[in-house]
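Working notes for the structure below.
Computed from the coordinates by the stated procedures, all read-outs in this text should not be read as laboratory data. All values reported here derive from a predicted model rather than from experimental measurement. Positions of Cβ are generated from backbone atoms using ideal geometry, with glycine treated the same way; all protein chains shown enter the neighbour counts.
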Amino acid sequence: MLKFWYKRAKTGVLTETNELTNEQKELKSIIKKRFSGSLTIRMVDSGSCNACEAECNAIFNPYYALERFGISFVASPRHADVLLVSGVMTANMYHHVWDAYNQIPSPKWVITVGDCTKNLSVFEKTFAIKGVDLPVSYHIEGCPPTPQEIIEGLLEFLRS
């Protein structure tokens, strides 16, 4: 046991630094300027396979920790700035997504996530699919997009 403590005292702490990258610093400054430090997102699954939702949940884990930059998901569209839509927009979800969009106070933006929202992939010619017809401000591509691609997409959206 003494060998372990001696070695530990000799080598010191070997964890990573917690410094922000340039991309993270830019994200934080844009949110602070344009949204008074808090960008709230209402995510709606309009009929997806849940892969995009899993990746969006991953951006709030301790590794990415987007909440430290002022980005958070909210349960009510009345508290949201952005509507984040994933999936192919099924007929059953069509009115619910539009209700959520109409409840977001102006100014409001719509970001779509995943390839299904843009090109409907294999679901294009089925009777139950309506397709996303919201006024989309930005699209994050990928099937599913990685958490890093989602963060980069949010940054591109905020830059525009």
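Residues being among the polar types (S, T, N, Q) and without any contact (Cβ under 8 Å) to a residue 12 or more places away in the chain are entirely absent from region 87-97.
Every residue, every condition in (1) over 18 Å from the mean Cα position of the chain (by Cα); (2) of a type outside the set (Gly, Ala, Ser); (3) farther than 16 Å from Leu154 by Cβ, yes or no:
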residue: Arg8; (1), (2), (3): yes, yes, yes
residue: Thr11; (1), (2), (3): yes, yes, yes
residue: Phe35; (1), (2), (3): no, yes, no
residue: Ala51; (1), (2), (3): no, no, yes
residue: Ala75; (1), (2), (3): no, no, yes
residue: Val85; (1), (2), (3): no, yes, no
residue: Trp98; (1), (2), (3): yes, yes, yes
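One residue stands out in region 69-83 among those that are in a strand (DSSP E or B) and not aliphatic (A, V, I, L, M): the one that is farthest from Arg42 (Cα to Cα), namely Ser72. Being of a type in the set (Val, Ile, Thr) and within 23 Å of Lys28 (Cα to Cα), is that true of even one residue in region 51-66? Yes: one or more hits. Any idea which of (1) under 19 Å from Ala54 (Cβ atoms); (2) within 14 Å of the chain's Cα centre (by Cα); (3) buried (at least 20 other Cβ atoms within 10 Å of the Cβ) is the one Thr117 doesn't satisfy? Of the numbered conditions (1) under 19 Å from Ala54 (Cβ atoms); (2) within 14 Å of the chain's Cα centre (by Cα); (3) buried (at least 20 other Cβ atoms within 10 Å of the Cβ), the odd one out for Thr117 is (2).
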